[in-house]
Each structure stands twice: as structure tokens, then as C-alpha cells.
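Participant: Submitted below is the structure of interest, expressed as C-alpha cells.
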Amino acid sequence: MSLLLTGATVIDGVSEKGIEGRSILVDDGRIVAIGRPAEIPVLPDTEVVDFSGKFIIPGLMNANVHLLVNILFETLVRYEGRYEELIVEAAQVALKSGMTTVFDTWGPRRALMTVRDRIDRGEVVGSRVRCAGNIIGFDGPFSPDFDARIPGVGSSHFVDRVNATWVENTGRHLMWLTPEAVGEEVRTYIEHGIDFVKYAANEHGGTSAGAFIQFSERTQRAIVEQAHRAGLTAQAHAQSVEGLRMAIEAGCDLVQHCNMTGPVEIPGETLELMSRHNCGAVVFPLTDSGREALKQSVSDFEWTIWKASDANTRRLIESDAMILLANDGGIFAPEVMQEPMIKASWNGLPEDEALGRLATGHFVWLRAMEEKGMSPMGLLHAATRNIARAYKVEDDLGTLEVGKIADMVVLDADPLQGAKNYRSIHAVVKDGALVDLEALPERPLLTAELPGPLDEEARYKRSLHHGARLPGCPSCVNGAH
């Protein structure tokens, strides 16, 4: 059945401004006509929806999400064998928030691909998912790359199984190999059916806050060449100015969190290099109020990193870099959000300022970039057209044009009049069909409320009480338990 959306102001991502009173005709999941209502013939079985006074934009996209980011030991034990359910829930949260396409840049490959294919076949509702699987060169969730506390707590059998689920043949062992051998391993991984390749230009955290280079320039070029040979895009995880430069020169199509370069700002020549290579600049910004809140809970060194990242973001906006919206968006279980290690990080910021939340972080991104001087149309392009171009899917997605997939967001307020208006979602259309937003997520798991306390919890007595210190040696009895 055809769908006709009438009466709205259409902001198509191509024109310099919105065009009032337009209709969009959709058939078989694609846009077949855009124009004045009188110019578009309506067949008898066409569903007509009047969106007069509303604003229609292309479906929002996100260049970096993690649909299974909650990798704490407790979660992966509880949901072992059910990772697909968590990914479906996250894809539905993303869709409800206006993101019709998301690019998952690190996660369990097989589960992500299974959900991707089920959504593509129409078996489940959710944002369109494209995935990289593992980040080439990183080991699994229970490793020094992510959480080194777990080996020795969990059984080696479970720890190894979880790590293998993420890593397969693409982990840290590649750092020992020749560029040619790494290329062969990447080719093997590509053959499993991933949608794009992501590799580590820099380490992930570690003892040097991400400064160490993960792969040589020759190896990085070999990885990128394998991706391009397979018709896929290549991207890098970079965290230093030299890691960023190497990734651009290796031929990456985009670089993740390129504004995060430790305490050092990006040199001007590297900004020029990024622009000259037309490399997508994925930026992680914080709002001004979010930065002030974070300053109260991070170390002085961490604060120097956030200050440099803010300066980098402003300079990227001033340059002609192709900026992409992304936020590491994921869902943490409510009990995890109560943990001190989360509260003291950027993930623990209040929801209105927390960039990393899957449901709301993209709205924070748009506000933050508006504060830093990005133009209204630049914001829209960063959330739609630029992402489609960087991932080489612009023939189908990213703008509202005849022949493209009918992914749209209907807003109550004009997004060109303020980034806050992106929150005013009235309706979402994906693949030419209106989405039942109230029904999502269909099966809350990580988004469910915590169950009430057990009766036993009211009677539970701690061995060391909270409040005043117990008498004794301060070095052995600190009252913190």
C-alpha cells in the first residue's frame, strides 16, 4: 500500500531551507514523488496522513553506537545466550528516538548480524543496523582493553567464551604479525559478512590513556586496502594526534572521536589533511553545562583531555571537515548507572547532558554542536547526509529525494530554529511505513525499572555500618564497606 504525507514543511537535506506545504508519496518503501499536493496523483488504496504544521526531515542516523555496550560481568552472565534480545531492544530504543539507521562499531558480530538481518527482513521492528563486529586489534570485554578485573573472578571457561564471541581472529595477536598476515586475517573476518571495517589506530585506554599506537602505518594501510577491496568502508579508533594522522594517511573513510586527542590539540596541517582526503570527522562533544558538571568528578589530567577535545571540536567546525554525529550510544542497566565508576564518568552525567545515552545522546550532541557554532543546516547534514556519504550509502539514505528509501522523522517544531526542536518527535517513518512508537521497546530488559527491594534487604545488617567511623586504625578500618 502507498503512503502519502501531506501539508508539512519538507527539509530534505538538499535544499538550503525547508519548503512549506509539500507532499511526499511513498510506495514499496521508497519515495516516488515530492511536490505540491495538486501535483501528486493519489491512488485509491493510498493511506493519506495530514502533517500540516509539522516538519519532515530525513531519518536521523548515528555513526557510532554500541547496541550491546553493557558488558559488565553481571550482565553478560545474566543474558548469556540472549544477546540478540538486548540488541533488538537497543535497536528499538534507537528507532523510537528518531534514528532510522545506526552503525554499530563494536560488538558481538554474530548476534549483531542476526538482528540486522531480522530487521532487514521485517521480522522485528528496529532501527536499520549496520555493524563492524570487533575493532581489529582489540581483545574482548574481559581483557585489559576493556575490563581486566574479570579474569580470575569468572571462570576461565566463561571468560574465554565471552572474549571469543567478540574477538574471533581479530584480537591483539595481530600486533605480532606482518602487514600482509594482518591483511589476510582481516579478509577472513570480512568474509563472515560484516558491513564495514573498524580497526585500532591507538590503544583503548590502557596505561597511557590511549596514546600508544596500535598498528604501524604499513599495517594500517593493509587493513584499509582489504576493506576497500571488499567494497567496504574503513574507519579507525584514534585517540592521539599521531594516531589521527596515520589513520587519515592510511585512507580511512572516517575516524571515530577524532576530536579526542589526549591533552594535545590537533595540528592545523592534520585538519587540512582530513579535509583534503574528505575523511569523515566523527566528533564527541559535550554541552557547556555538561562540561562544567563533568569537571567536578574527573581528575585534572582527564579535564585537560576534555578541554583539548572541546577546542578540537570548535576548530573542526571552523574548517570544512565533513562532521558526523555519533556518541558511543548504548544502554546501561539501571543498577549499573548507580555504580560509582559510572557516576564519576561522562556516562554518569544527568540525562540532559549525557552524550553516551542511546535514547537521548544524539539530542545532546546537536545542542552541544549548536553551542559551539555549527549552523542549523550543518547540524542536519551531520545527522543525516554526511553519515550516509561517509559510509557510502548515500544512494539510498541521508536525504529526502525521489528513489531513495523512505526514512523520515516528523517533528512538531522547526529544527532549523533550534537544536532543541529535534526532541519534538511526532512520528517516524522507516522503509515507507509509520512506526508505532508507543509500542517500543517491545520487550524492555535493560530499559526496565529495577525490581523492588526484597523483604530480606530491609533486615540486612552490614558488618561495617555507614556514617561515623568505627574506632580503630584508619588504615585498616575505613568504614567504607
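The values are calculated or read from the model by the stated rules, or taken from the named source; none is laboratory data. This one's a predicted model, so the numbers in the text were calculated from it and none came from an experiment. A quick note on method: Cβ atoms are made from the backbone with ideal geometry, for glycine too, and the neighbour counts reach across all protein chains shown. Each accessible area value is taken on the protein alone, full model and side chains, heavy atoms only, with ligands, DNA and RNA left out. Shrake-Rupley method; radii C 1.70, N 1.55, O 1.52, S 1.80 Å.
Participant: Tell me the helices (runs of 4 or more DSSP H) entirely within the stretch 105-204 that contain at least 1 residues that are under 23 Å from residue 356 (Cα atoms).
Facilitator: On the way: elements: 109-120, 156-167, 179-190.
Per the criteria, 109-120, 156-167.
Participant: When you look at residue 246, is it within 24 Å of residue 316 (Cα to Cα) and either part of a helix (DSSP H, G or I) or open to solvent by 10 Å² or more (accessible area, probe 1.4 Å) (or both), yes or no?
Facilitator: Answer is yes for this residue.
Participant: Looking at (1) free of Cβ contacts under 8 Å to residues at least 60 places away in the same chain; (2) crowded, with 16+ Cβ neighbours inside 10 Å, which one does residue 380 not meet, given that it meets all the others?
Facilitator: (1)
Participant: Need pairs with beta-carbon distance below 6 Å; first residue without any contact (Cβ under 8 Å) to a residue 40 or more places away in the chain and within the stretch 86-108, second among the hydroxyl-bearing types (Ser, Thr, Tyr); sequence gap 6+ or separate chains.
Facilitator: 91/127
Participant: When residues of the stretch 1-45 are filtered for being modelled with pLDDT under 95, among the β-branched types (Val, Ile, Thr) and open to solvent by 20 Å² or more (accessible area, probe 1.4 Å), how many remain?
Facilitator: Going through the stretch 1-45 one residue at a time, the tally reaches 1.
Participant: When you scan the stretch 417-437, do you find a residue that is open to solvent by 20 Å² or more (accessible area, probe 1.4 Å), under 24 Å from residue 353 (Cβ atoms), in contact (Cβ under 8 Å) with a residue 40 or more places away in the chain and among the charged types (D, E, K, R), even just one?
Facilitator: yes
Participant: Give me a count of the residues in the stretch 52-76 that are open to solvent by 30 Å² or more (accessible area, probe 1.4 Å) and either over 24 Å from the mean Cα position of the chain (by Cα) or hydroxyl-bearing (Ser, Thr, Tyr) (or both).
Facilitator: Qualifying residue count for the region: 4.
Participant: To continue, here is another question. Would you say residue 397 is open to solvent by less than 70 Å² (accessible area, probe 1.4 Å), in contact with a strand residue (DSSP E or B) (Cβ under 9 Å, 6 or more places away or on another chain) and assigned to a loop (DSSP other than H, G, I, E, B)?
Facilitator: When the stated conditions are applied, residue 397 passes them.
Participant: So which of 456, 442, 438 ends up being modelled with pLDDT of 95 or more, in a helix (DSSP H, G or I) and not hydroxyl-bearing (Ser, Thr, Tyr)? Give the steps one after another, and end with the answer.
Facilitator: Working: 456 fails: modelled with pLDDT of 95 or more; 442 fails: in a helix (DSSP H, G or I).
After applying the criteria, what remains is 438.
Participant: Take the conditions modelled with pLDDT of 95 or more and either aliphatic (A, V, I, L, M) or under 25 Å from residue 433 (Cβ atoms) (or both) and apply them to residue 72. Does it pass? Full working, then the answer.
Facilitator: Values: modelled with pLDDT of 95 or more: no; either aliphatic (A, V, I, L, M) or under 25 Å from residue 433 (Cβ atoms) (or both): yes.
Criteria not met by residue 72.
Participant: May I pose another question? Mind listing whichever residues of the stretch 149-170 are among the aromatic types (Phe, Trp, Tyr) and open to solvent by 10 Å² or more (accessible area, probe 1.4 Å)?
Facilitator: 158, the sole residue that qualifies.
Participant: Consider residue 216 against the criteria (1) surrounded by 19 or more Cβ atoms within 10 Å (Cβ to Cβ); (2) under 25 Å from residue 259 (Cα atoms): it satisfies all of them except one. Which criterion is unmet?
Facilitator: All conditions are met except number (1).
Participant: From the set of residues in the stretch 41-51 that are of a type in the set (Val, Ile, Thr) and under 21 Å from residue 409 (Cα atoms), which is nearest to the chain's Cα centre (by Cα)? Step through it out loud before you land on a result.
Facilitator: Step one: list which residues in the stretch 41-51 are of a type in the set (Val, Ile, Thr), which gives 42, 46, 48-49.
Then keep just the ones that are under 21 Å from residue 409 (Cα atoms); that gives 46, 48-49.
Working: 46: 35, 48: 34, 49: 31 Å.
Here the residue is 49.
Participant: How about the stretch 1-71: which strands (runs of 3 or more DSSP E) wholly inside it have at least 1 residues that are within 30 Å of residue 235 (Cα to Cα) and among the small types (Gly, Ala, Ser)?
Facilitator: Counting at least 1 such residues, we get 60-65.
Participant: Among the listed residues 188, 207, 178, identify the single one that is over 24 Å from the mean Cα position of the chain (by Cα), open to solvent by 10 Å² or more (accessible area, probe 1.4 Å) and at pLDDT below 95.
Facilitator: When all the criteria are applied, what remains is 207.
Participant: Still on this model: Out of the stretch 64-81, which residues are under 19 Å from residue 113 (Cβ atoms) and touching a helix residue (DSSP H, G or I) at 6+ places or on another chain (Cβ under 9 Å)?
Facilitator: Our first condition is that a residue be under 19 Å from residue 113 (Cβ atoms); within the stretch 64-81, this holds for 64-69, 71, 76, 79-81.
Matches in the stretch 64-81: 65, 66, 67, 68, 69, 71, 76, 79, 80.
Participant: Can you tell me which residue in the stretch 97-148 is nearest to the chain's Cα centre (by Cα), limited to those that are among the charged types (D, E, K, R) and open to solvent by less than 10 Å² (accessible area, probe 1.4 Å)?
Facilitator: Result: 104.
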